[in-house]
Amino acid sequence: MNHTALQFHKFAKPATEQMFNQRIHSTLFGELTISRRKIIHFPTGIPGLEQVRSYTFLDIEEYRPLVWMVSTCGKYHFPVIPIAHLDAESIDEHSKDNYLPLLTDIMKQQPMSVAYVILRLEPEIKQVSLKAPIIVHLQEQRGEQLILENMINEEFLVA
Amino acid sequence: MLVLTRKLDEGIYIGNDVKITVIEITGNQVKLGISAPKDVSIFREEVLNKIIEDNIGSIAAEKPDIKNLPKIIQNLKKKEDK
């Protein structure tokens, strides 16, 4: 064992659960242990909750295909549906015509990404809108909420 | 609030790299051109407010009873089960 290896051995600590997992005290689902690889960082939060920057996505069998987007502080829970699970009937006509083609184009350029729409459970919602999808870049563990409504009917100026 | 008066084709800078130019004035409408880096978010006020309202309104306060989930989920569930 050379000198450097000895020093490393001296200071290296054994891997602990905390290094790989994060505990979340969810106000809806209780104590959760989530792999740090499943924590998604939103650099600017989402509109209205800009200060909340990290979330995880819980896939609970009884709620499928609904997924829970849960803040790591455990306070905020958003029911979301992966776009891939939506069908034509669930998308409102305006979004289907205007936003679906735009989102499809965006997703084609984003490898290893998943798009979700947030579902409002109260009052009863029959359709979902694609105007502000949540895009999760799985490899980078980064998320953002796109506001597609702003991308429509725009004249882009070349600086 | 800082208030500035601009004429057609005149602009203002916000910081070094965000420029807003008055492109067209028609009646009570003003068309603005905005040049900004890609990472700067630009939203119409009413659009952003609507998204904020939707986001806040979507926070689940309690665990929903799966029997009472909206019809859309029930339909999607049925399709998934097939």
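The values are calculated or read from the model by the stated rules, or taken from the named source; none is laboratory data. Quantities reported herein were computed from a predicted structural model and do not represent experimental measurements. As a convention, Cβ positions derive from the backbone with ideal geometry for all residues, glycine included, and neighbour counts pool all protein chains shown. Ligands, DNA and RNA are stripped out before the accessible areas are found, and what is left, the full protein with its side chains, is counted by its heavy atoms. Shrake-Rupley method; radii C 1.70, N 1.55, O 1.52, S 1.80 Å.
What to note about this one:
- Meets criteria (more than 30 Å from A:Ile118 (Cα to Cα) and at the interface with chain A (Cβ under 8 Å from one of its Cβ atoms)) for B:Lys77: no
- Within the range A:136-149, being open to solvent by less than 60 Å² (accessible area, probe 1.4 Å) and more than 18 Å from A:Ile118 (Cα to Cα) holds for one residue alone: A:Gln141.
- Hits in the range A:72-83 - residues which are closer than 14 Å to A:Ser26 by Cβ, out of contact with any Ser or Thr (no Cβ under 7 Å at 6 or more places or on another chain) and more than 9 Å from every other protein chain (Cβ to nearest Cβ): A:Cys73
- When we screen A:Leu100, A:Leu86, A:Leu32, A:Leu6 for residues that are more than 10 Å from chain B (Cβ to nearest Cβ) and at pLDDT below 85, the only hit is A:Leu6.
- Residue count, the range A:31-80 (criterion: touching a residue at least 12 places away in the same chain (Cβ under 8 Å), among the basic types (Lys, Arg) and farther than 16 Å from B:Ile52 by Cα): 4
- The set of residues in the range A:107-123 being within 14 Å of chain B (Cβ to nearest Cβ) and modelled with pLDDT of 85 or more consists of A:Gln109, A:Tyr116, A:Val117, A:Ile118, A:Leu119.
- The set of residues from the range A:75-109 being open to solvent by less than 50 Å² (accessible area, probe 1.4 Å) and part of a loop (DSSP other than H, G, I, E, B) comprises A:Tyr76, A:Leu86, A:Asp87, A:Asp92.
- Under the condition of being outside any loop (DSSP other than H, G, I, E, B) and more than 7 Å from chain A (Cβ to nearest Cβ), the residues counted in the range B:62-74 number 3.
- In this structure, A:Ser129 does satisfy being over 29 Å from A:Gln22 (Cβ atoms), within 18 Å of the chain's Cα centre (by Cα) and modelled with pLDDT under 90.
- A search for C-beta distances below 7 Å between a residue of the range B:40-67 that is of a type in the set (Ser, Thr, Tyr) and any residue that is surrounded by 16 or more Cβ atoms within 10 Å (Cβ to Cβ), counting only pairs 6+ apart in sequence or on different chains, returns B:Ser58/A:Phe78; B:Ser58/A:Ile118; B:Ser58/A:Leu119; B:Ser58/A:Arg120.
- Selection within the range A:33-45 - in contact with a Lys or Arg (Cβ under 9 Å, 6 or more places away or on another chain) and open to solvent by 30 Å² or more (accessible area, probe 1.4 Å): A:Thr33, A:His41, A:Pro43, A:Thr44
- Tallying residues that are open to solvent by 10 Å² or more (accessible area, probe 1.4 Å) and part of a loop (DSSP other than H, G, I, E, B) within the range A:46-74 yields 11.
- Residues satisfying the stated conditions in the range B:44-61, i.e. outside any helix (DSSP H, G or I), loosely packed, with under 14 Cβ neighbours inside 10 Å and within 7 Å of chain A (Cβ to nearest Cβ): B:Arg44
- Among the residues of the range B:13-20, at least one is open to solvent by 50 Å² or more (accessible area, probe 1.4 Å) and either within 10 Å of chain A (Cβ to nearest Cβ) or assigned to a helix (DSSP H, G or I) (or both).
- Some residue of the range A:85-108 being touching a Gly at 6+ places or on another chain (Cβ under 9 Å) and at negative phi: no
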